[in-house]
Amino acid sequence: MLLKVVGGIVAAAVLVVGALAVIVATRPSEFRIERATTIAAPAPVVFAQVNDFHKWQAWSPWAKLDPQVKNSYDGAPAGQGAVFAWAGNDKVGEGRMTITDSRPNELIRIKLEFRKPFAATNTAEFAFRPDGDRTAVTWSMFGHNNFMSRAVFLFVDMDQALGSEFEKGLAAMKAAAEASAKN
């Protein structure tokens with residue numbers, strides 16, 4: 001009798017795990033998170049906020065999360081080839097960003113390599129659309145979801161979680177760029 005009960009529990013557990021694996025496997029293998037804003041500053045001023053990693057401290061939503069974070073800069077001082085690396089607490093983790101494409105007042109593409117708390121490589125892009133003394137900025141991040149990422153995303157809405165950070169960053173970038181444009 002006990003063997004039948006244990007066997008039934010094991011069979012049910014195998015079915016649940018199998019069903020969960022099928023659900024995870026059917027989740028999208030690619031993701032994209034995107035937010036946009038319009039900034040009352042000319043495109044060169046806004047572009048400069050992103051093209052130089054040294055300026056990110058003024059607007060990045062992650063810059064203030066760890067006062068003990070270790071940042072380093074390498075490669076070009078700005079633009080294509082510029083590299084920014086960080087190692088910090090659990091809130092900021094560890095990783096590296098490299099500007100792979102920098103088209104003035106149009107586009108900045110960044111290879112984003114996370115090492116901790118999880119390993120992942122994604123692409124971040126900032127698109128700029130000048131309109132007189134205003135600039136529309138779109139910040140996006142996209143990449144591939146492996147099996148484990150798809151499992152996590154069953155329980156965590158990454159668009160909402162990261163999207164809210166992008167919104168904070170764009171608001172701070174707006175303040176920094178608009179202040180810079182006034183000077």
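The values are calculated or read from the model by the stated rules, or taken from the named source; none is laboratory data. Everything numeric here is computed off the predicted structure, so don't read it as measured data. FYI the Cβ positions are ideal-geometry reconstructions off the backbone, even for glycines, and counts take in every protein chain you see.
Miscellaneous remarks
- Subset of region 4-53 that is basic (Lys, Arg) and within 25 Å of the chain's Cα centre (by Cα) - its residue that is modelled with the lowest pLDDT: Arg27
- Under the condition of being farther than 21 Å from Asn51 by Cβ and in a loop (DSSP other than H, G, I, E, B), the residues counted in region 66-100 number 10.
- Checklist (1) closer than 18 Å to Gly169 by Cα; (2) crowded, with 16+ Cβ neighbours inside 10 Å applied to Ala85, failing item: (1)
- The residue that is modelled with the lowest pLDDT, counting only those in region 141-161 that are in contact with a strand residue (DSSP E or B) (Cβ under 8 Å, 6 or more places away or on another chain) and surrounded by 16 or more Cβ atoms within 10 Å (Cβ to Cβ), is Phe153.
- Taken across region 88-96, residues that are crowded, with 17+ Cβ neighbours inside 10 Å and at pLDDT below 90 do not occur at all.
- Qualifying position, being out of contact with any helix residue (DSSP H, G or I) (no Cβ under 9 Å at 6 or more places or on another chain), under 22 Å from Ala176 (Cβ atoms), at pLDDT 95 or above and among the aliphatic types (A, V, I, L, M), among Leu112, Leu65: Leu112
- Checking each residue in region 101-139 for being surrounded by 15 or more Cβ atoms within 10 Å (Cβ to Cβ), polar (S, T, N, Q) and part of a strand (DSSP E or B) picks out Ser102, Asn122, Thr123, Thr135, Thr138.
- A single entry from Ala124, Ala119, Ala136 fulfils the requirement of being at pLDDT below 90 and among the aliphatic types (A, V, I, L, M): Ala119.
- Meets criteria (free of Cβ contacts under 8 Å to residues at least 24 places away in the same chain and either touching a Phe, Trp or Tyr at 6+ places or on another chain (Cβ under 9 Å) or among the acidic types (Asp, Glu) (or both)) for Gly93: no
- The residues on offer are Asn51, Asn105, Asn71, and the sole one that is in contact with a helix residue (DSSP H, G or I) (Cβ under 9 Å, 6 or more places away or on another chain) and touching a residue at least 40 places away in the same chain (Cβ under 8 Å) is Asn105.
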